[in-house]
Amino acid sequence: MKILLTGGTGFIGSQLVNELTKNNFHCFIVTRTNMESAHPLVSYIKWDSLVSNSFQQTIDVIINLAGESINSGRWTNKIKNKILQSRIESTNNLITWLERQAHRPNLFINASAIGFYGTSTSLTFNEHDKPISKDFLATTVYDWEQAAQKAERLGIRTVLARFGLVLDLNGGALPKMILPYKYYIGGPIGSGTQWISWIHQQDVVGIILHIINDNEIKGPINVVSPNPVTMNEFSKLLSSSLGRPNYLKVPGFMLNILLGEMSMLILKGQKVLPSVALQTNYNFQFPSLEEALDFTLK
């Protein structure tokens, strides 16, 4: 099987490529710079070759993980525009390339986020729910998914993989959340009642493989654990796994001062369940946060 990946060198993409090659899949990783691979099942291609349509290869699956990190800095208007446009541009480039192909892939997996639903301390969301707000993240994800759904109109099975908080020491939010505990100043952030819908990085990879192998999965799928927790629970389990105290509560207004609008990533949350993954019998490797943290931090 031949797989075309964007974002394949990122912290999720690189681990996904490792697992795909173990399953004997050939990965074509789209990059903006010249790169060479020593692995026989990994090839690097430049975005220019897609845009110009000079890349001619029959592809079975496209996995689109490309996009500017939402943690790349305080959300100025310039940064917010970069976050949105990087996602729309990469997705539109893939769609344009697909439209030119005589033999199109069977599957298009587009990375997305549970920010689609908006934030709430009282509601529980699954894949059937619509957005309840029009904050920056919700509108960004909505526009991103609209761009990706053009693949569906080309007759390609299209899956919108809505990621929650990915637990991994190589990237994402976890290394930053751990840092205060290392200096014995850790504790819950904000009210503590906000929900965190998390997932271990191995289950991110596992769910993507599950999507590839199950031809019935299409549309949105929440890539989260079946057991979301509140910030209070998260901080308590994190301190236990690290063997550090959990007594210094960080007021929300302080984070607002430091991060501005970006503070919503931590201060607000949503309780999201992986209904599609469960209904299609995906077997979570780390269903509980305690297991996931202990494994990650051991």
Can you compute the charge dipole magnitude of segment 65-194 about its Cα centre, using +1 on each Lys and Arg Cβ and -1 on each Asp and Glu Cβ, nothing else charged? Give it in debye, rounded to the nearest 20.
260
When only Cα pairs under 8 Å and 6 or more residues apart are kept, what is the percent relative contact order across segment 48-191?
24
Just need log10 I(q)/I(0) for the chain at q = 0.06, 0.12, 0.14 Å⁻¹, Debye formula, equal scatterers on the alpha-carbon atoms, no solvent, rounded to two decimals.
-0.19, -0.79, -1.07
Rounded, prolate or oblate: which one fits segment 167-217, using the alpha carbon gyration tensor with axes a ≥ b ≥ c (rounded when a/c is under 1.5, else prolate when a/b beats b/c, else oblate)?
oblate
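Taking the Cα centre of segment 2-297 as origin, work out the dipole magnitude from +1 charges on Lys and Arg Cβ and -1 charges on Asp and Glu Cβ, in debye rounded to 20.
660
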For segment 132-272, shape from the Cα gyration tensor axes a ≥ b ≥ c, cut at a/c of 1.5 then a/b versus b/c, turns out prolate
For Cα pairs less than 8 Å apart in space and 6+ apart in sequence, what is the mean separation divided by the residue count of the chain, i.e. the relative contact order in percent?
18
For each pair in 82/130; 130/298; 249/298; 46/134; 249/271; 22/268, compute the distance between the two Cα atoms and list the pairs where it is over 32 Å.
130/298; 46/134; 22/268
Going 7 Å from the Cα of residue 100 along its beta-carbon direction, which residues of segment 47-89 have the amide nitrogen within less than 15 Å of the resulting point?
47-59
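Laboratory data are not the source of any read-out in this text; all were calculated from the coordinates shown. Predicted model only: the values in this text are computed from it and were never measured. Ideal geometry is used to build each Cβ from the backbone, glycine not excepted, and the neighbour counts take in all protein chains shown.
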